[in-house]
Amino acid sequence: MERANATSLEGFILMGVSDHPQLERVFFVVILFSYSLTLVGNGTIILLSSLDARLHTPMYFFLSNLSSLDLAFTTSSVPQMLVNLWGSDKTISYGGCVTQLYVFLWLGATECILLVVMAFDRSFTVCRPLHYTAVMNPRLCWLLAAIAWLGGLGNSGVQSTFTVQLPLCGNRRLDSFLCEVPAMIKMACGDTSLNEAVLSGVCTFFTAVPLSIILVSYCCIARAVLEIRSAEGRRKAFNMCLSHLLVVLLFYGSAIYGYLLPAKTSSQDQGKFISLFYSVVTPMANPLIYTLRNKEVKGALRRLLGKGREVS
């Protein structure tokens with residue numbers, strides 16, 4: 001009990017790449033650059049979606065939710081990563097680690113559900129264009145967004161509560177860049193079979209069910225696109241859905257690899273770099289994917305910059 005209390009008082013040591021100190025400054029620069037792009041890219045999408053009347057549609061409402069989520073997702077972990085990579089102090093307080101664990105799991109599960117909601121929105125856009133405005137009304141959009149955020153919060157409550165009860169026996173060295181479930185299971189000193197079962201069950205539910213719904217939605221979309229007679233119409237529908245599909249592949253691919261592999265047997269280095277990928281790279285890539293191929297977002301940005309020049 002005294003050793004467990006010592007862990008609570010002293011917190012944890014986030015190892016990161018401390019076994020390769022020559023890489024710490026390289027990782028610091030790369031993560032700082034990625035985080036800066038994440039802030040600018042997602043902040044721009046939120047700003048444009050709120051200021052440009054042409055983007056006041058369900059699609060951009062959900063996209064601004066995704067951008068808000070990505071901003072919070074990275075901010076819950078990246079600043080601590082940067083502090084630990086820059087200096088010799090690698091510690092994080094017990095309260096800070098637990099808070100990071102709850103928030104990280106909450107936002108990660110919320111993104112799982114939100115990507116399903118966005119697939120639902122796109123399937124209605126392509127498959128039922130005449131009924132789209134009536135079905136995807138503001139009330140339904142807010143309801144679907146609330147379901148995503150509350151569903152993620154419920155997942156975090158289950159997984160995080162089980163995780164913080166793990167017997168640590170005074171262990172403080174967390175071989176990861178952040179406080180997350182697989183790394184904490186590896187650090188535990190007792191029987192973790194229940195925690196691994198809960199992790200596997202919850203993660204399977206939050207990946208298999210959403211992915212199945214998304215795949216069904218895209219099968220319906222593909223069939224509807226093939227029925228479009230004009231080549232321009234098919235190209236527009238394809239481009240609209242491709243961005244979302246790329247984000248789905250990035251997010252679910254890294255999450256499945258990081259969370260569904262056996263926690264005790266998977267490579268420690270693989271686990272920590274996969275967690276770095278979905279906590280840093282994916283939130284940075286999302287706004288780039290949605291803006292580089294999106295004429296409406298680029299047009300809104302040009303209009304906003306044009307107004308800025310007129311005012312100045």
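The values are calculated or read from the model by the stated rules, or taken from the named source; none is laboratory data. This is a predicted model, so every value here is computed, not measured. Using ideal geometry, Cβ is built from the backbone for each residue, glycine included, and neighbour counts are taken over all protein chains shown. The area values use the complete protein model at the heavy-atom level, side chains included, leaving out ligands, DNA and RNA. Shrake-Rupley method; radii C 1.70, N 1.55, O 1.52, S 1.80 Å.
Descriptive notes on the structure:
- Matching residues in the range 166-202 - criterion: being of a type in the set (S, T, N, Q) and either assigned to a loop (DSSP other than H, G, I, E, B) or over 21 Å from the mean Cα position of the chain (by Cα) (or both): ASN171, SER176, THR192, SER193, ASN195
- Filtered by the rule that a residue be without any contact (Cβ under 8 Å) to a residue 12 or more places away in the chain and either among the charged types (D, E, K, R) or within 23 Å of PHE62 (Cβ to Cβ) (or both), the range 229-245 gives ARG229, GLU232, GLY233, ARG234, ARG235, LYS236.
- Against the numbered list (1) open to solvent by 50 Å² or more (accessible area, probe 1.4 Å); (2) within 18 Å of VAL280 (Cα to Cα), LEU71 comes up short only at (1).
- Test result for CYS220, closer than 30 Å to VAL17 by Cα and touching a Cys at 6+ places or on another chain (Cβ under 7 Å): no
- Which numbered condition ALA146 fails, given (1) under 25 Å from LEU249 (Cα atoms); (2) not in a helix (DSSP H, G or I): (2)
- Of the criteria (1) in contact (Cβ under 8 Å) with a residue 40 or more places away in the chain; (2) under 20 Å from the mean Cα position of the chain (by Cα), which one THR75 fails: (1)
- ASN155 of a type outside the set (Gly, Ala, Ser), in a loop (DSSP other than H, G, I, E, B), surrounded by fewer than 22 Cβ atoms within 10 Å (Cβ to Cβ) and in contact (Cβ under 8 Å) with a residue 40 or more places away in the chain: no
- Which numbered condition LEU130 fails, given (1) part of a helix (DSSP H, G or I); (2) surrounded by fewer than 22 Cβ atoms within 10 Å (Cβ to Cβ): (1)
- Test for THR163: is it part of a helix (DSSP H, G or I), β-branched (Val, Ile, Thr) and either within 28 Å of HIS244 (Cβ to Cβ) or modelled with pLDDT of 90 or more (or both): no
- Test for ARG229: is it surrounded by fewer than 15 Cβ atoms within 10 Å (Cβ to Cβ) and touching a strand residue (DSSP E or B) at 6+ places or on another chain (Cβ under 8 Å): no
- Leading residue by the ranking (farthest from the chain's Cα centre (by Cα)) among those in the range 120-156 that are among the charged types (D, E, K, R) and more than 12 Å from PHE62 (Cβ to Cβ): ARG128
- Checked against (1) closer than 30 Å to CYS241 by Cβ; (2) open to solvent by 50 Å² or more (accessible area, probe 1.4 Å); (3) small (Gly, Ala, Ser), SER193 meets all criteria but (1).
- Pairs meeting the criteria (first residue in the range 43-64 and closer than 14 Å to ARG302 by Cβ and open to solvent by 10 Å² or more (accessible area, probe 1.4 Å), second residue part of a helix (DSSP H, G or I) and among the basic types (Lys, Arg), beta carbons under 8 Å, at least 6 apart or on different chains) are ASP52/ARG303.
- Taking the conditions (1) in a helix (DSSP H, G or I); (2) in contact with a helix residue (DSSP H, G or I) (Cβ under 9 Å, 6 or more places away or on another chain); (3) farther than 27 Å from LYS236 by Cβ in turn, ASP89 satisfies each one other than (1).
- Residue selection: PHE273 fails the criterion of being open to solvent by less than 60 Å² (accessible area, probe 1.4 Å), of a type outside the set (Lys, Arg) and modelled with pLDDT of 75 or more.
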